[in-house]
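A short write-up of the structure that comes next.
The values are calculated or read from the model by the stated rules, or taken from the named source; none is laboratory data. Since the model is a prediction, treat every value here as computed from it, not as a measurement. Neighbour counts run over all protein chains shown; Cβ positions are idealised from the backbone, glycine included.
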Amino acid sequence: MRKLSVLVPVYNEEATVCELLSRVRRASVPLEKEIIVVDDGSTDGTAEILKGPLEPEIRVFFHGTNRGKGAAIRTALEHVAGDFVLIQDADLEYDPDDYGALLKPLLEGKADVSYGSRFLGSPHRVLLFWHYLANRGLTLAANVLYDVNLTDMGTCYKAFAADKIKAIPLRSDRWGIEAEITAKVCKAGLRIFEVPVSYSGRTYAEGKKITWTAALSYIGCLLKYRVLD
């Protein structure tokens, strides 16, 4: 049976990580499932939770210090055994119930990469206009630079045929990983599908971590990898 590898980069998510892993385990997909968690140097109680007893399909790896989301994803990719790879943040903003829709183009052989778009009509929490505007601007930049028509370059819900994503050299340690993946997927000429996913964004008071500096990382990566590998 084919297998799905769910990659979960985690940093300071003690309030949500148990519920998130439970939802990932319950997510209905026609695939065997492995869950690869990378704790990226958490300083709250997250690491202690992940060192406790977990279900056998969950494997956990630890960074001694905080290296960034990109570094956590790269560590997780080193341990992938599945035929498909899906990236899942640990903060409950994205719902594992959307796995079926996200994986459908891959399972049908129509796509190499599937993006879960927050802007294609599914339910989403109304929140943070300036984040929305920045995302639209960065998505426009990606479309212009790479001649594509994405609606949500910055989505954290991305799924891949495992052999395709493992063949791409990823270098970003932090937030720029989202833009780097888009840049290199486009340059490789991979088939990208977008599907609508629900989104329940957090406020900063609720634990949201991304800041305006991420936009600089995104645009820097989009420009850099237009001419580099």
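Details
- Flag if GLY45 is buried (at least 16 other Cβ atoms within 10 Å of the Cβ) and farther than 25 Å from ASP163 by Cβ: no
- If you go through the range 87-112 and keep only what is among the hydrophobic types (A, V, I, L, M, F, W, C) and out of contact with any helix residue (DSSP H, G or I) (no Cβ under 7 Å at 6 or more places or on another chain), you end up with ALA101, LEU102, LEU103, LEU106, LEU107.
- Residue within the range 140-151 that is among the polar types (S, T, N, Q), surrounded by 22 or more Cβ atoms within 10 Å (Cβ to Cβ) and at negative phi present: no
- Against the criterion of being closer than 26 Å to SER217 by Cα and modelled with pLDDT of 95 or more, VAL85 qualifies.
- Complete set of residues in the range 144-160 that are among the aliphatic types (A, V, I, L, M) and closer than 22 Å to GLY82 by Cα: ALA159
- Residue list for the range 48-73, restricted to those being within 25 Å of CYS221 (Cβ to Cβ) and surrounded by 15 or more Cβ atoms within 10 Å (Cβ to Cβ): PHE61, HIS63, ASN66, ARG67, GLY68, LYS69, GLY70, ALA71, ALA72, ILE73
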